[in-house]
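Okay, so here's the structure we're looking at.
No lab work stands behind these numbers, since they all come straight from the coordinates. Note that the structure is predicted; figures quoted are calculated from it, not measured. All Cβ positions, glycine included, derive from the backbone under ideal geometry; neighbour counts span all protein chains shown.
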Amino acid sequence: MGMTQQAAPAVTTPPASGPSKQTDGRTAQRSLVVRLLARPEVGVFLGAVAVFVFFLVAAPPVREASSMANILYQSSTIGIMALPVALLMIGGEFDLSSGVAVITSALTASMISYQLTMNVWVGVVAALVASLAIGMFNGWMLIRTGLPSFLVTLGTFLILQGVNLAVTKLITDNVATDNISDMDGFGQAKALFASSFAVGGVNVKVTVVWWLVFAALATWVLLRTKYGNWVFAVGGNQDSARAVGVPVTFTKISLFMLVGFGAWFVGMHNLFSFSTVQSGEGVGQELIYIAAAVIGGCLLTGGYGSAIGPVFGAFMFGMVNQGIVYAGWNPDWFKAFLGVMLLGATLINLWVRRTATRR
Amino acid sequence: MATTNEPGTQSAVVKDTGPEAGRPVVELRGAGKAYGNIRALHGVSLQVRPGEVTCVLGDNGAGKSTLIKIISGLHQHSEGEFLVDGEAVRFTTPRQALDRGIATVYQDLATVPLMPVWRNFFLGSEITRGPWPVRRLDIEAMKKTADEELRNMGIVLDDLEQPIGTLSGGQRQCVAIARAVHFGARVLILDEPTAALGVKQSGVVLKYIAAARDRGLGVIFITHNPHHAYMVGDHFSVLRLGTMELSAARSEVSLEELTNHMAGGAELAALKHELAQVSGVDVEELPEEEDLTAPVPATPEGKS
């Protein structure tokens, strides 16, 4: 980036006397540190490093590679969902139904393949369709009614929570689905969604890889494509975006569907790791995803954030979650820890943005 | 604020182009709009020609916003005709209006504050390169073009990466105008571009309006400031309570008359008589009703 070279002379020479480029002489070059801090993911990166170092010191077992693999796995299951949730948040909306939608997706795949005695891939595809449809419904309701996404998705959250329990009981006479591990295609699906591989003698879950791949993809889309530009625009100022020709309806609905895709992926991971699904789970997870996105520097009101930030946000979650266990502390402290982290991260983000974007 | 060494606002003193200036690009014939049983706009006729500034004046609630929303495609007219290049149209999205070369710069809606200047400049019309799965923004080209276009309009910015929200109101308007000009707008609708600006900032914006006109654009300049309108306008339309109260070429109306029409014309004269009965109010200098009614032959230009 050429800006770094310009930074030094601009401070020492008088304004507007640059040899080659005419400037308006009013904006002094901001220092590299300030410009770096203006990036949405820098605050959370520093926070993640702090938490990492803290547990490295406080909990010696964390220093082992196998513990690290475990922490990364924990982070990845949150992180894969935190990514689309973060994109949606940058697009100015949020989705309270994402936690139970994960379970809905897993239940759909499990019950369809088991009850119809079909290859599990039929269930997987049906679950994908169902998840995308839920996302589409959320987005469509939001656009059609003009209600805040909080209300629309709160409705979906309650509906799905009820449907998950009621339909599962109706079909299986149980709160959990039947074990599908001996069905056709289970092995293949497990390899894709829930396998693990060895790196230097340490077992790493495949979700960690997916998480990082999705994060890289999301970053590229957000910063380097038209669609990413539109996401920032609909979150930053929806009316302006519409007025200059951005397809606001398409962008919002597709973002909700992206959350649906994430819910499907995590749902499939749950299903093929445990072979069975508890229908009452997932409640409260949506807040964890939202918290990871906010800690990751996404602005709750939209228009600002990154895809890398939530990666560190999710890593902080995984680190604290497992770190407390490795340190031998009472795991009940986990939520309290998270609350402090959330508030701290939000305050840092607020301060950073005010400092960095001040006129 | 951006500095420039152009001649300045003298260029705002316009030649009288008259009706022979060409076919209207945008034309309204008796157009109107009703929201349910509320008639926001009724019987409005307006012509916008290339290289002319058509000023639409009116108080709050006069129907100015409804008028631009119809032309820019946010709303549809419910009576009369709306023609572009002589062809009746009915836009359902702003995109359609943009595709016909009608660009709107809204007072508050021109930009997304937290996005960088160059991203705002190309928002909705991004330049991309590469085949589909890896089709990506051509950031270098966009930054270069944005910088060139802004410099052409006399706006010099140090850092196109800065969020546009950090620019002043006048600069933001100018970026939006430069953007519309770059994207081949033939008609530029400016919604009260000077309303929230100081004197000097307003001058800058007026200069860009003149610059856009000189590039052959038809400009619809919405304002409630007759002084600003008279600086650059070729044709003046005054809206009041949803109907057209005055429609006159520059040669047919003076600044004083325009101001009086804006201020409510006949109503003001009535107010004068009421005020005359209140002691201590000097009404001698206020105009009489007969001075305010019809457009009169050209008068020497005001000193504005």
Q. Rounded to the nearest 0.05, what FRET efficiency is calculated for residue A:145 and residue B:277 with R0 set to 56 Å and r the Cβ-Cβ distance?
A. 0.55
Q: Ratio to report: Rg/Rh of chain A, with Cα atoms as the point set and Rh obtained by the Kirkwood method; give two decimals.
A: 1.03
Q.
For chain A, what does the relative contact order come out to in percent, with C-alpha contacts under 8 Å and a separation of six or more?
A. 33 percent
Q) What is the antiparallel percent of DSSP beta bridges lying wholly in the stretch B:21-264, to the nearest 5? A) 55 percent
Q) Efficiency by 1/(1 + (r/R0)^6): what FRET value for residue B:270 and residue B:243, r their Cβ-Cβ distance, R0 = 22 Å, to the nearest 0.05? A) 0.75
Q. Extension gain residue A:250-residue A:212, at 0.36 nm per residue separation less the Cα-Cα distance, in nm?
A. 11.0 nm
Q: Enter the Cα centre distance for the pair the stretch A:166-242 and the stretch A:245-291, rounded to the nearest angstrom.
A: 8 Å
Q | Hz values of 3J(HN,Hα) by residue in the stretch A:80-89 - Karplus curve (6.51, -1.76, 1.60), Gly and Pro given as x | A | 4, 7, 4, 5, x, 4, 5, 4, 4, 5
**Q.** Nearest-0.05 FRET efficiency for residue A:167 and residue A:66, computed from C-beta distance (R0 45 Å)
**A.** 0.70
Q: Please provide three numbers in whole Å: the alpha-carbon extents of the stretch A:207-337 along the principal axes, with the largest listed first.
A: 56, 31, 27
Q | the stretch B:21-264, relative contact order [Cα under 8 Å, separation at least 6], % | A | 28 percent
(Q) Quick check on the exposure proxy: order A:326, B:230 from fewest to most C-beta atoms within 10 angstrom. (A) A:326, B:230
(Q) If you fit an axis through the alpha-carbon atoms of helix A:98-115 and take the longest principal axis of the Cα set of chain A, what angle between them do you get, 0 to 90°, nearest 10? (A) 30 degrees
Q. Over the Cα atoms of the stretch B:21-264, how large are the radius of gyration and the largest Cα-Cα distance (Dmax), in Å?
A. 18.2, 61
**Q.** Exposure proxy ranking, count of Cβ atoms within 10 Å, fewest first, for A:289, A:114
**A.** A:114, A:289
(Q) Given points 7 Å out from each Cα along the Cα-Cβ axis, report the residue A:191 to residue B:96 separation in nanometres with one decimal. (A) 5.2 nm
Q) Using θ = phi - 60° and the Karplus curve 6.51 cos²θ - 1.76 cosθ + 1.60, what whole-Hz ³J(HN,Hα) does each residue of the stretch A:287-294 get, with Gly and Pro shown as x? A) 6, 5, 4, 4, 4, 4, 5, 5
Q: Kindly express, to the nearest 10 degrees and within the range 0 to 90, the angle between helix A:42-58's C-alpha long axis and the longest C-alpha principal axis of chain A.
A: 60 degrees
Q: Scan around residue B:26 for amide H atoms under 5 Å from its own, H built in the peptide plane at 1.01 Å from N, and keep only partners 5 or more places away or cross-chain.
A: B:48, B:85
Q. What is the sum of charges around residue B:116, taking Lys and Arg as +1, Asp and Glu as -1, for the other residues whose C-beta is under 11 Å from the C-beta of residue B:116?
A. 0
Q. Which value at 222 nm does chain A reach when only helices count, each DSSP H run of 4 or more adding -39,500 (n - 2.57), with the total divided by all residues and rounded to the nearest 500 deg cm²/dmol?
A. -23500 deg cm²/dmol
Q: May I ask you to compute the full-extension gain from residue B:134 to residue B:161, defined as 0.36 nm times their residue separation minus their alpha-carbon distance, rounded to one decimal in nm?
A: 7.4 nm
(Q) Place a point 7 Å from Cα of residue A:159 in the direction of its Cβ. Which residues in the stretch A:88-127 have their backbone N less than 12 Å from it? (A) A:97
Q | Proxy reagent accessibility, fewest Cβ within 10 Å first, across B:55, A:298 | A | B:55, A:298
